Amino acid sequence: MSARRVLVTGGDGFLGRGVLAALAGKSLDVLVALDVREVPAERQLQGVVYRQQDVRDAGIGDTLAAHAIDTVVHLASIVTPGKDSNRAFEHSVDVGGTRNVLEACVARGVRHIVVSSSGAAYGYHADNPAWITESQPLRGNPVFAYADHKRQVEEMLADYRAAHPALAQTVLRIGTILGERVDNQITALFEKKRLIAIRGSASPFVFVWDEDVTGAIAHALGEAPPGCYNLAGDGALTIHEIASRLGKQATDWPVGVLKAALAVGSALGVSRYGPEQLDFLRYRPVLLNTALKERFGYVPSKTSSEAFDAFVAARARQGRPVTSS
């Protein structure tokens, strides 16, 4: 059954704003946006009901009931923590907040929840297969809060699927998002004069265009079958292929040298990253999107390669190019 009365958590985040823009033009009966911050009037879209509410708030169930919500799009999570953040707080939002939303959905008879998960839930491991399908175990990494929390959230979702089958779930394991206005720790890597490559590691990236993420979420609210799906464009680009497209060099460093440098930088407080961060580049999960296209019925408009080229072109138009001058 198609969604008619939809609530979006994390409504004022980067992804949330894109989803609301995509859904605001559809003939929904109700579209509610929740965010922990009050959304300024100039960013509010016509036809959207905005409410300031934390996903950890026990009153979310009342909000669902007040608007007779049948479908929840749960986007709220901490992707890039602030400098004053800590692991306990991030866990309370990512994992505790998701538990609170799920409990409210079950208590208030919500029919369907769409959750933005991540390929990071599979984890960054040396024995990852070359291409990861949805049957691959979700192993996260304890040293990476985001990956570990996404794994915990997905384990919780699996428990809810078994205990509460009336609440249908669509879980999208999203690759690295690129778009015209995307700025994050991944895009910061591409801005460097020289890209860091790890000797013996291809460091492949799978990209997905931001409009394909919002498009897949909108597709999930129609007649698409629930389930867990990798959300990424076709193909992947290695770190050396990325460097070549940027007109830059990718310097190959031995693992030992990089580990030592990161250990020293972390100890001195001049780097926020420790030696464990190398696995983030060495063992990137490469998502295969066959199920997304064949079972879910959504075909991304851009491949990984096309998404990257579109990102580079957008930066050039904005006067902040990532290519070598």
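The values are calculated or read from the model by the stated rules, or taken from the named source; none is laboratory data. The shown structure was predicted, so the numbers you read here are calculated from the model rather than taken from an experiment. We place every Cβ from the backbone using ideal geometry, glycine too, and count neighbours over all the protein chains shown.
Name the pairs whose Cβ atoms lie under 6 Å apart, with the first residue in region 75-90 and surrounded by 13 or more Cβ atoms within 10 Å (Cβ to Cβ), the second hydroxyl-bearing (Ser, Thr, Tyr), and 6 or more positions between them or separate chains?
Between residues of region 75-90 that are surrounded by 13 or more Cβ atoms within 10 Å (Cβ to Cβ) and residues that are hydroxyl-bearing (Ser, Thr, Tyr), the close pairs are Leu75/Thr9; Leu75/Ser116; Ala76/Thr9.
Criterion first (more than 27 Å from Ile198 (Cα to Cα) and of a type in the set (A, V, I, L, M)) does Leu138 satisfy it?
Against the criterion (more than 27 Å from Ile198 (Cα to Cα) and of a type in the set (A, V, I, L, M)), Leu138 does not qualify.
Do we have Val19 as at pLDDT 95 or above, assigned to a strand (DSSP E or B) and among the β-branched types (Val, Ile, Thr) here?
No; evaluated as a whole, the condition is false for this residue.
Given the criterion part of a helix (DSSP H, G or I), crowded, with 20+ Cβ neighbours inside 10 Å and in contact with a Lys or Arg (Cβ under 9 Å, 6 or more places away or on another chain), identify the matching residue among Ala121, Ala65, Ala104.
Ala121
Search region 144-156 for residues that are without any contact (Cβ under 8 Å) to a residue 24 or more places away in the chain and pair each with any residue that is crowded, with 18+ Cβ neighbours inside 10 Å when their beta-carbon atoms are under 8 Å apart and the residues are at least 6 apart or on different chains.
Within 8 Å, the pairs are Asp148/Gly140; Asp148/Asn141; Glu155/Leu138.
Go through region 198-216 residue by residue and tally those that are over 18 Å from the mean Cα position of the chain (by Cα) and either on the phi > 0 side of the Ramachandran plot or touching a residue at least 60 places away in the same chain (Cβ under 8 Å) (or both).
4
Yes or no: region 139-152 includes at least one residue that is closer than 19 Å to Val55 by Cα, part of a helix (DSSP H, G or I), of a type outside the set (Val, Ile, Thr) and over 17 Å from the mean Cα position of the chain (by Cα).
Scanning region 139-152 turns up no residue that is closer than 19 Å to Val55 by Cα, part of a helix (DSSP H, G or I), of a type outside the set (Val, Ile, Thr) and over 17 Å from the mean Cα position of the chain (by Cα).
Which pairs turn up if I take residues in region 21-39 that are in contact (Cβ under 8 Å) with a residue 60 or more places away in the chain and look for partners that are among the polar types (S, T, N, Q) and part of a loop (DSSP other than H, G, I, E, B) with beta carbon separation below 7 Å, at least 6 apart in sequence or on another chain?
Partner pairs satisfying both residue conditions: none exist.
Show the residue pairs that are 6+ apart or on different chains and have beta-carbon atoms under 9 Å apart, the first residue being within region 294-306 and free of Cβ contacts under 8 Å to residues at least 24 places away in the same chain, the second being crowded, with 20+ Cβ neighbours inside 10 Å and assigned to a loop (DSSP other than H, G, I, E, B).
Listed by first residue and then by second, the contacts come to Val299/Asn289.
Take Pro165 and decide whether it is touching a Ser or Thr at 6+ places or on another chain (Cβ under 9 Å), exposed (fewer than 14 other Cβ atoms within 10 Å of the Cβ) and either modelled with pLDDT of 95 or more or assigned to a helix (DSSP H, G or I) (or both).
For Pro165, the condition - touching a Ser or Thr at 6+ places or on another chain (Cβ under 9 Å), exposed (fewer than 14 other Cβ atoms within 10 Å of the Cβ) and either modelled with pLDDT of 95 or more or assigned to a helix (DSSP H, G or I) (or both) - is not met.
Is there a residue being surrounded by fewer than 16 Cβ atoms within 10 Å (Cβ to Cβ) and modelled with pLDDT of 95 or more anywhere in region 47-57?
Yes, the conditions are met somewhere in region 47-57.
Inspect all residues belonging to region 132-155 and state whether any of them is among the basic types (Lys, Arg), under 30 Å from Arg5 (Cα atoms) and surrounded by fewer than 19 Cβ atoms within 10 Å (Cβ to Cβ).
No, because not a single residue in region 132-155 is among the basic types (Lys, Arg), under 30 Å from Arg5 (Cα atoms) and surrounded by fewer than 19 Cβ atoms within 10 Å (Cβ to Cβ).
Among Val79, Val72, Val93, Val110, which is the only one that is hydrophobic (A, V, I, L, M, F, W, C) and assigned to a strand (DSSP E or B)?
Val72
Yes or no: Ile177 of a type in the set (A, V, I, L, M), closer than 24 Å to Asp279 by Cβ and modelled with pLDDT under 90?
no
Within region 45-66, identify whether any single residue is under 22 Å from Pro285 (Cβ atoms) and under 18 Å from the mean Cα position of the chain (by Cα), and answer yes or no.
No.
Is there a residue being touching a helix residue (DSSP H, G or I) at 6+ places or on another chain (Cβ under 6 Å), among the aliphatic types (A, V, I, L, M), closer than 12 Å to Thr9 by Cα and not in a loop (DSSP other than H, G, I, E, B) anywhere in region 127-134?
There is no residue in region 127-134 that is touching a helix residue (DSSP H, G or I) at 6+ places or on another chain (Cβ under 6 Å), among the aliphatic types (A, V, I, L, M), closer than 12 Å to Thr9 by Cα and not in a loop (DSSP other than H, G, I, E, B).
Among what's in region 169-191 and is free of Cβ contacts under 8 Å to residues at least 12 places away in the same chain and surrounded by fewer than 16 Cβ atoms within 10 Å (Cβ to Cβ), pick the residue that is nearest to Glu211 (Cα to Cα).
Filtering region 169-191 for residues that are free of Cβ contacts under 8 Å to residues at least 12 places away in the same chain and surrounded by fewer than 16 Cβ atoms within 10 Å (Cβ to Cβ), the one nearest to Glu211 (Cα to Cα) comes out as Asp183.
Which residues, counting only those in region 109-152, are of a type in the set (Lys, Arg) and under 21 Å from Pro226 (Cβ atoms)?
Once the filter is applied, which keeps residues that are of a type in the set (Lys, Arg) and under 21 Å from Pro226 (Cβ atoms), region 109-152 yields Arg111, Lys150, Arg151.
Please return the ranges of helices (runs of 4 or more DSSP H) entirely within region 208-325 where 1 or more residues are at pLDDT 95 or above and of a type in the set (A, V, I, L, M, F, W, C).
Those helices (runs of 4 or more DSSP H) span 210-220, 239-246, 304-317.
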